[in-house]
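A short worksheet on the structure shown next.
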């Protein structure tokens with residue numbers, strides 16, 4: 001009896017044990033299947049959402065270099081599809097020389113937003129139409145400005161200097177040759193350096209000067225070669241004569257008063273400014289032996305060419321030709337007149353005064 005009960009109890013324990021394991025295994029399998037199904041569904045939904053966003057294609061946003069021209073410039077994205085919005089960083093509008101980095105953002109619903117970067121370079125231009133020509137100025141005692149010519153762009157500066165003398169810029173006055181340099185600058189242009197040769201040229205005319213009566217008599221180039229004196233009191237104008245070939249005899253100063261129509265030999269006494277005409281003659285190289293005057297005439301026609309002696313006795317003027325032919329650079333020495341003979345290639349000759 002006891003043995004039978006023990007067997008029944010053992011069978012019950014075995015059945016209970018087998019039944020519990022089977023139930024637990026079913027529940028675990030069901031839960032794992034549910035989790036796997038949920039995860040797969042979420043991944044599938046995300047992949048489907050990303051697949052709907054498209055990529056922009058063939059967009060062009062390239063660097064560009066432009067020579068300064070005074071206008072505003074910008075960069076533009078090319079090949080943008082219809083409906084897309086383009087937003088540029090900065091103002092994307094530039095005029096002055098420089099390098100400008102510009103970002104462009106392209107967006108549209110259903111597309112992946114795209115950002116591109118490009119650089120706009122505006123480089124310096126060259127000055128055009130500016131010149132600095134050589135110049136020759138006739139000396140007149142006044143300062144003269146030497147300047148460039150042409151239209152300078154707004155904001156330009158010009159600096160001048162003389163290469164021979166740093167104390168001079170571009171204002172010149174005295175006879176000579178000057179190398180003037182002009183440097184032109186502007187933030188939007190390449191610096192331009194130009195030079196010119198500026199010459200102040202004295203007239204190639206012989207001017208005459210002499211000492212008489214305690215004063216220096218001279219032709220004043222600053223007043224059309226008119227007659228002036230200089231002494232301890234200063235510079236004084238004598239008259240409007242263009243005085244040439246000075247010589248003195250006794251109490252008088254003689255000279256030729258040059259005139260295109262009627263040149264003549266005149267005299268002044270050193271006190272009065274009035275010139276008294278002695279003889280009408282196109283006289284050159286007037287000299288004196290202390291008593292008489294001598295002069296030459298060298299006209300183109302040649303009719304009256306020669307050396308003349310002029311004597312004044314009791315205010316009576318007597319002239320006599322003592323040599324026939326062109327003569328230059330008369331000098332009196334002893335009883336002879338020395339001169340360059342126009343008939344003999346200007347070789348040195350002499351002639352007795354009497």
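Computed from the coordinates by the stated procedures, all read-outs in this text should not be read as laboratory data. Everything numeric in this text was worked out from a predicted model, so none of it was measured. We place every Cβ from the backbone using ideal geometry, glycine too, and count neighbours over all the protein chains shown.
Using C-alpha pairs under 8 Å with a sequence gap of at least 6, the mean separation divided by the residue count of segment 209-352 gives a relative contact order of 12 percent. Working from label points 7 Å from Cα in the Cα-to-Cβ sense, the residue 151 to residue 87 distance is 4.3 nm. Of all DSSP-defined beta bridges confined to segment 64-123, some 80% are antiparallel rather than parallel. The Cα center of segment 292-333 and the Cα center of segment 167-200 differ in position by 53 Å.
Using 0.36 nm per residue and subtracting the Cα-Cα separation, the extra length available between residue 230 and residue 332 on full extension is 34.0 nm. Projecting label points 7 angstrom from Cα along Cα→Cβ for residue 126 and residue 112 puts them 4.8 nm apart. Residue separation of residue 320 and residue 64 scaled by 0.36 nm, minus their Cα-Cα distance, works out to 82.9 nm of gained length. Legend: Rg and Dmax of segment 300-354, from Cα coordinates, 12.2, 40 Å.
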